[in-house]
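Let me begin by presenting the structure, written as structure tokens, before commenting on it.
The values are calculated or read from the model by the stated rules, or taken from the named source; none is laboratory data. Please read these numbers as outputs of a predicted model, since none were measured by experiment. Cβ atoms come from the backbone with ideal geometry, glycine included; neighbour counts cover every protein chain shown.
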């Protein structure tokens, strides 16, 4: 009977950890958005292929959830909590936090493109690290990389068109 109680506690603990790590990017993204202020598409020229404004929160929500769950898979499969893969993850999450503030709050479009390029490189590194720990976690990061490439195109386009 005691073994069943212990197993139940472990399962609840794992569910809590999965929930917290999955939600962490949403919280970071929400905090960044709050600091960035008005994130609507302002009066700046946009490059071709710019999606409507409603697409961005939908895509970011899905990406934040998948990258958060990927971080849980890596956390779960590692022997120690702050491994290299998780360090990379937290670094890219911090740079992700900074991007919208640089772009929307300060409207430094060229600087934001540089931040986004750094984010892309960090995310590729994070994905490689995740893949070595848990292949599914690495694969869950691929849509995020694809979106960052597209976001970099949009950011550079805004920067060039609004010099």
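Per-residue answers, yes or no, for (1) in contact (Cβ under 8 Å) with a residue 24 or more places away in the chain; (2) assigned to a loop (DSSP other than H, G, I, E, B); (3) within 16 Å of residue 147 (Cα to Cα):
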{"site": "35", "(1), (2), (3)": "yes, no, no"}
{"site": "45", "(1), (2), (3)": "yes, yes, no"}
{"site": "52", "(1), (2), (3)": "no, yes, yes"}
{"site": "56", "(1), (2), (3)": "no, no, yes"}
{"site": "60", "(1), (2), (3)": "yes, no, yes"}
{"site": "69", "(1), (2), (3)": "yes, no, no"}
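Sub-6 Å Cβ pairs linking a first residue in region 77-101 that is within 11 Å of residue 130 (Cβ to Cβ) to a second residue that is assigned to a loop (DSSP other than H, G, I, E, B), at least 6 apart or interchain, are 77/134, ordered by first then second residue.
Of all the listed residues (126, 132), the sole one being surrounded by fewer than 19 Cβ atoms within 10 Å (Cβ to Cβ) and modelled with pLDDT of 95 or more is 132.
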